[in-house]
């Protein structure tokens, strides 16, 4: 669980980074967005690859379709980051994937500095960890859940700021 705390701290660090280097971030928004999109692709592919099968492809499309409709909620990415963190903690080999998730959280959170957004990000990030009570069910269907979250992350890809 220490990994989840570190990833949450990267969200706070990203907000701090925006407040500290606002003038440098604004001209480089398109590069930050490209890096964010690349990290989303890396995390989604790694999540799908961890439990690859026909069912994972199907639930990736379900997640993509479901989260396209929910894309208007700007803080939903933090829910997906929290969900991906929670699901990756249930697997055996997770260090590289956690590193990608950490970079994604910091990159996404460095796009703006808003105290209300930080509060919402905290709620959205912590929400998936309430599922710890049904951990056995989630471990039994890990491929379904990881594919669904991977599809949700893919729905968050954007062309520009």
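What the table shows:
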{"quantity": "Residues that are surrounded by fewer than 21 Cβ atoms within 10 Å (Cβ to Cβ), more than 30 Å from residue 22 (Cα to Cα) and in contact (Cβ under 8 Å) with a residue 60 or more places away in the chain, drawn from segment 66-96", "calculated": "66, 89, 94"}
{"quantity": "Odd one out for residue 63, checked against (1) under 14 Å from residue 157 (Cα atoms); (2) more than 15 Å from the chain's Cα centre (by Cα); (3) surrounded by 14 or more Cβ atoms within 10 Å (Cβ to Cβ)", "calculated": "(2)"}
{"quantity": "Residue count, segment 30-56 (criterion: loosely packed, with under 13 Cβ neighbours inside 10 Å, assigned to a helix (DSSP H, G or I) and either touching a helix residue (DSSP H, G or I) at 6+ places or on another chain (Cβ under 6 Å) or touching a residue at least 24 places away in the same chain (Cβ under 8 Å) (or both))", "calculated": "1"}
{"quantity": "Segment 125-140, residues that are surrounded by 14 or more Cβ atoms within 10 Å (Cβ to Cβ) and either closer than 25 Å to residue 49 by Cβ or in contact with a strand residue (DSSP E or B) (Cβ under 7 Å, 6 or more places away or on another chain) (or both)", "calculated": "125, 128, 129, 131, 138"}
{"quantity": "Enumerated helices (runs of 4 or more DSSP H) restricted to segment 57-161, each holding at least 2 residues that are at pLDDT below 85 and closer than 19 Å to residue 14 by Cβ", "calculated": "115-126"}
{"quantity": "Filtered residue count, segment 141-161, keeping only those that are free of Cβ contacts under 8 Å to residues at least 24 places away in the same chain and either crowded, with 22+ Cβ neighbours inside 10 Å or in contact with a strand residue (DSSP E or B) (Cβ under 7 Å, 6 or more places away or on another chain) (or both)", "calculated": "0"}
{"quantity": "Of all residues making up segment 97-115, the number that are closer than 12 Å to residue 75 by Cα and crowded, with 21+ Cβ neighbours inside 10 Å", "calculated": "3"}
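The values are calculated or read from the model by the stated rules, or taken from the named source; none is laboratory data. All values derive from a computational prediction rather than experimental measurement. Methodologically, a virtual Cβ is constructed for each residue, glycine included, from the backbone with ideal geometry; neighbour enumeration extends over all protein chains shown.
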